[in-house]
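Below is a structure I'd like to ask you about.
The values are calculated or read from the model by the stated rules, or taken from the named source; none is laboratory data. Please read all numbers here as calculations on a predicted model, not as lab measurements. We place every Cβ from the backbone using ideal geometry, glycine too, and count neighbours over all the protein chains shown.
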């Protein structure tokens, strides 16, 4: 009875031919008797007590977004493969590391004496404004927490950040807007920082969403030939109609050993750095008292992010990349 009930309540009544979209106690009792041959309590309170004993509760539903990306499974599996092989120290993708390295050496980049090592990063952008966001907080009984807002809310801040999945080290920019030049500068900083710390040459695999400027030809011109489009020739990078096709640039040889890994569209749950923005809101942006002081709010955001620029086990734990 218990397993049958758990399976039953996990399905919509409409999938079983009923008109209702949610189960009621009466409908459950009728279905148990008529279709499963089970004896159910004769009353709603009796069934409610039985459900409680079985650990089945009446709780609020939670919405979720289903990615419409036709290549969802391929992209998800590719990301999982990158992560697994980075952790194991093996080659990545359908094209071996030796083939990528040969291409780089033929074009004058890299050193044959250095061993190649892979590192995984997650990249994302976020925005915030001068007005504080509302959230629950402690207050005396009968007095609601307040978030003071100014007369205008024209100030906007943009954040661009990449997180090392091994160390929790954060590379970020904070300014009014971003373009491809800012992304190029961030990649240069990431590569230079890792070159200074490691005797082996490192290839950075950067998981990111489908913002068009992420895949502009000027960005690709700075990077080594890309694995993903070679392995998936039918893939098309997102771009405005006035931009040139980035596919040719993605096959060119640039100076930086960086591979761009596209997320499925509308699949933010596959990007752990999204949780960093939730942490930022919890500690800095919710109910903040700086509605009249934009400089002070920006400094608060900067102070929060600076906590992770030397690496952070706490950030890895918060984002679900580490259990310790």
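Please specify each residue of the range 290-304 satisfying the condition of being more than 23 Å from residue 315 (Cβ to Cβ) and surrounded by fewer than 16 Cβ atoms within 10 Å (Cβ to Cβ).
Scanning the range 290-304 gives 292, 293, 295, 296.
Give the residue, chosen from 269, 277, 243, that is at pLDDT 95 or above and either in contact with a helix residue (DSSP H, G or I) (Cβ under 8 Å, 6 or more places away or on another chain) or outside any loop (DSSP other than H, G, I, E, B) (or both).
Answer to the selection: 277.
Looking at 228, 205, which is the one that is crowded, with 18+ Cβ neighbours inside 10 Å, under 17 Å from the mean Cα position of the chain (by Cα) and either part of a helix (DSSP H, G or I) or on the phi < 0 side of the Ramachandran plot (or both)?
Result: 205 is the single residue among 228, 205 that is crowded, with 18+ Cβ neighbours inside 10 Å, under 17 Å from the mean Cα position of the chain (by Cα) and either part of a helix (DSSP H, G or I) or on the phi < 0 side of the Ramachandran plot (or both).
Go through the range 268-289 and give me each residue that's closer than 20 Å to residue 86 by Cβ, touching a residue at least 60 places away in the same chain (Cβ under 8 Å) and surrounded by 16 or more Cβ atoms within 10 Å (Cβ to Cβ).
Listed by number, the residues that qualify are 270, 271, 272, 273, 276.
Here's another thing I want to ask about it. So residue 194 ticks every box in (1) in the same structural domain as residue 84 (by TED's automatic domain parsing); (2) surrounded by fewer than 17 Cβ atoms within 10 Å (Cβ to Cβ); (3) modelled with pLDDT under 95 but one. Which box is left unticked?
(2)
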